[in-house]
Amino acid sequence: MNNLIRLTARLAEIGTLRYTPAGIPVLDIVLKHESWQEENGQQCLVKFDMPARILGKQAEEWQYRQGMMVEAEGFLAQRSQRFPRPILRIQNIKEYKG
């Protein structure tokens, strides 16, 4: 089964860097996306906010880059056992050069 997301968005919110009990850096962010897409032969303006999480070294590298346009790749998973809503688990993130 496939579960791969690639999204161009702005880093709208960046949480506080935290660490797991194993010492792995974790950064929760919110990505803000806006684009025109074609649906059923019509142009449709798409806007949404997507909660996301970065783990590891990339979490430390992105903690001070709020407002930057990025291209993020990862997969969707539920936030936690208590919160089943999906979150984008980012595996690769880079600055979007347009």
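Nothing in this text is a laboratory measurement; each read-out follows from the coordinates by a stated rule. Here the structure is a predicted model, which is why all the values come from computation and not from measurement. When we count neighbours, we look across all protein chains shown, and the Cβ atoms used for this are built from the backbone with ideal geometry, even at glycine.
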Q) free of Cβ contacts under 8 Å to residues at least 24 places away in the same chain and in contact with a Gly (Cβ under 8 Å, 6 or more places away or on another chain): does that describe GLN42? A) no
Q | Selection within the stretch 26-46 - of a type outside the set (A, V, I, L, M) and in contact with a strand residue (DSSP E or B) (Cβ under 6 Å, 6 or more places away or on another chain) | A | ASP28, LYS32, HIS33, GLU34, SER35, TRP36, GLN37, GLN43, CYS44
Q. Taking the stretch 46-57, which residues are part of a strand (DSSP E or B) and either surrounded by 12 or more Cβ atoms within 10 Å (Cβ to Cβ) or of a type in the set (Lys, Arg) (or both)?
A. LYS47, ASP49, MET50, PRO51, ALA52, ARG53, ILE54, LEU55
(Q) Quick check on the stretch 1-39: of everything there that is of a type in the set (Gly, Ala, Ser) and without any contact (Cβ under 8 Å) to a residue 60 or more places away in the chain, which residue is farthest from GLN78 (Cα to Cα)? (A) SER35
**Q.** Enumeration of residues in the stretch 20-46 that are closer than 18 Å to TYR96 by Cα and out of contact with any Leu (no Cβ under 7 Å at 6 or more places or on another chain)
**A.** VAL30, LYS32, GLU34, SER35
Q: Give the residues of the stretch 61-92 that are surrounded by 13 or more Cβ atoms within 10 Å (Cβ to Cβ) and of a type in the set (D, E, K, R), sorted by residue number.
A: GLU61, ARG65, GLU71, GLU73, ARG79, ARG89
Q: Mind listing whichever residues of the stretch 3-30 are outside any strand (DSSP E or B) and closer than 22 Å to LYS94 by Cα?
A: ASN3, LEU4, GLY15, THR16, LEU17, ILE24
Q) Any idea how many residues of the stretch 31-45 are surrounded by fewer than 11 Cβ atoms within 10 Å (Cβ to Cβ) and part of a strand (DSSP E or B)? A) 8
Q: Return the total of residues in the stretch 58-75 being among the acidic types (Asp, Glu) and not in a strand (DSSP E or B).
A: 2
